[in-house]
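Please read the structure below before turning to the comments.
The values are calculated or read from the model by the stated rules, or taken from the named source; none is laboratory data. Model, not experiment: these values are computed from the prediction. Reconstructed Cβ throughout: ideal geometry from the backbone, glycine too, with neighbour counts over all protein chains shown. Just the protein is used for accessible areas: all its heavy atoms, side chains included, with ligands, DNA and RNA removed. Shrake-Rupley method; radii C 1.70, N 1.55, O 1.52, S 1.80 Å.
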Amino acid sequence: MFARKAAVAMLGLAMFVARDADATPRWVDRLLTLPGPVAGTIDLGGSFAHTYEDGPPPCNGGCNFYGSGVSVDGVLGIASRVDIGLHVGFRGFTDNLGINEGIITSADSYGRMYDQVAFYGAADNGIYGNSAVTNPELRVRGRILHLKHIFELGVEGRSIFPFADGTVYTQVVGVPMALHLGRHVRLDFGAYTHFTFFGQPRGALFTFEAPAAIWFQVHPKVFLGPMFSPRWYSQNVYPTGPGNVDISLGFGLGVSCNRWLDFKTQFYFPRITDDARYWGVGAGVGFYFD
């Protein structure tokens with residue numbers, strides 16, 4: 001009986017990762033924008049996050065907070081060179097202190113698979129809000145150069161609209177790039193600047209970051225790799241550690257299940273410069289259609 005079950009399980013796994021003529025492109029071969037003339041993705045991610053921060057009594061002096069979140073992203077690709085996307089997040093888990101720890105931990109950010117630009121450090125609540133549902137984010141990305149199927153250059157803009165009370169408008173502009181190194185390696189990198197327009201006396205907050213990720217295609221349907229990003233703020237946004245600098249580190253792993261579905265996971269430290277007070281894990285699925 002055990003041998004029969006094991007054989008069935010092995011057969012199922014083989015079918016799951018077998019090469020499929022109708023499969024989506026290998027992860028390292030995918031471009032900065034979706035293929036045309038019209039294509040789209042819907043990404044759903046769930047996450048669990050931790051942070052250590054000061055809070056209401058009895059947390060004076062610092063407490064561990066644990067929160068959960070959900071990220072929902074939809075992207076529409078037009079003519080293979082322009083993507084238009086919309087994001088919204090949901091934060092949850094309220095403990096006996098009566099506070100939503102998903103908000104404190106910005107838990108939904110960890111459900112946005114491989115999107116390092118989603119992290120805003122301690123400025124997050126003034127951007128995405130202090131409610132269970134985040135402010136929406138509109139993203140437009142264009143691919144302007146594809147050199148010999150090796151190097152890609154794009155431009156990107158993100159607008160986060162201040163629908164929630166106590167939030168302000170944020171604009172992000174960036175230059176995403178990708179370097180395809182053969183059939184098994186891809187380097188994603190870029191540079192982004194965030195403009196958050198707080199009122200007086202705080203004024204405007206400017207953020208610069210340079211995210212990067214190295215992806216390895218270890219199987220036609222399995223990919224993995226480390227993620228890294230330095231981030232600088234024009235103001236001190238943290239009460240401990242370097243107040244205006246982040247260095248984040250993460251690791252992602254994904255499986256292209258079939259033509260329509262990817263499964264993705266990640267573990268992320270958005271601020272390793274502060275004794276790992278902040279960390280989170282996320283897992284999600286991406287649905288593809290054309």
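Got a number for carbon plus sulfur as a percent of the chain's accessible area, 1.4 Å probe? Intermediate results must be reported in sequence, preceding the final value.
Details: 9430 of 13530 Å².
Ligands and nucleic acids excluded, carbon and sulfur reach 70 percent.
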Length gained, Leu153-Thr240, 0.36 nm per residue minus C-alpha separation, equals 27.6 nm
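What does the accessible area per residue of the chain come to in Å², with a 1.4 Å probe and no ligands, DNA or RNA counted? Please list the in-between numbers first.
Numbers: 13530 Å² over 290 residues.
I get 47 Å² per residue for the chain.
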About the Cα centre, charge dipole magnitude for the chain (Lys/Arg +1, Asp/Glu -1 at Cβ), debye
980
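Can you tally the net charge around Asp29? Count Lys and Arg as +1, Asp and Glu as -1, for every other residue whose Cβ sits under 10 Å from the Cβ of Asp29. Can you show the working numbers first?
Numbers: positive: Arg26, Arg30, Arg183, Arg186; negative: none.
Surrounding charge for Asp29 is +4.
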Leaving ligands, DNA and RNA out of it, work out the accessible area of Ser256 with a 1.4 Å probe and give it in Å² to the nearest 10.
10
Which number comes out as Rg/Rh for the range 98-210 once both Rg and the Kirkwood Rh are worked out on C-alpha atoms?
1.05
Given a Förster distance of 25 angstrom, what is the FRET efficiency for Phe197 paired with Ile78, based on the Cβ-Cβ distance and rounded to 0.05?
0.25
Which whole-number percent is the relative contact order of the range 131-290 (Cα, under 8 Å, 6+ apart)?
12
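Less than 10 Å Cβ to Cβ from Arg81, Lys/Arg counted +1 and Asp/Glu -1: what total charge do the surrounding residues give? Spell out each step's value before the answer.
Details: positive: Arg141, Arg143; negative: Asp83.
Surrounding charge for Arg81 is +1.
Rounded if a/c is under 1.5, else prolate if a/b is larger than b/c, else oblate: which is the range 143-290, with a ≥ b ≥ c the root eigenvalues of its Cα gyration tensor?
Values: a/c = 1.86, a/b = 1.61, b/c = 1.15.
Prolate shape, in that a/c is at least 1.5 and a/b is the bigger ratio.
Can you tell me, using C-alpha contacts under 8 Å and at least 6 residues apart, the relative contact order of the range 170-255 as a whole percent?
On the way: 184 pairs, mean separation 18.5, N = 86.
Reported as a whole number, the value is 22 percent.
Relative contact order for the chain using alpha-carbon pairs under 8 Å, separation at least 6, rounded to a whole percent?
On the way: 806 pairs, mean separation 53.7, N = 290.
RCO, the chain: 19 percent.
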Built amide H within the under 5 Å cut-off of Asn244, gap 5+
Val237
Cα long-axis angle, helix 2-17 against the chain (0 to 90 degrees, to the nearest 10)
80
Going by a 4.7 Å Cβ-Cβ cut-off, which cysteines of the chain have no partner at all?
Cys257
Based on Cα positions only, what radius of gyration and what Dmax would you give for the chain, in angstroms?
19.9, 72
Please give the net charge around Trp215, taking every other residue with its beta carbon less than 15 angstrom from that of Trp215, where Lys and Arg add +1 and Asp and Glu add -1.
+1
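On a full-extension model of 0.36 nm per residue, what is the gain between Phe163 and Arg183, subtracting their alpha-carbon distance, rounded to one decimal in nm?
2.8 nm
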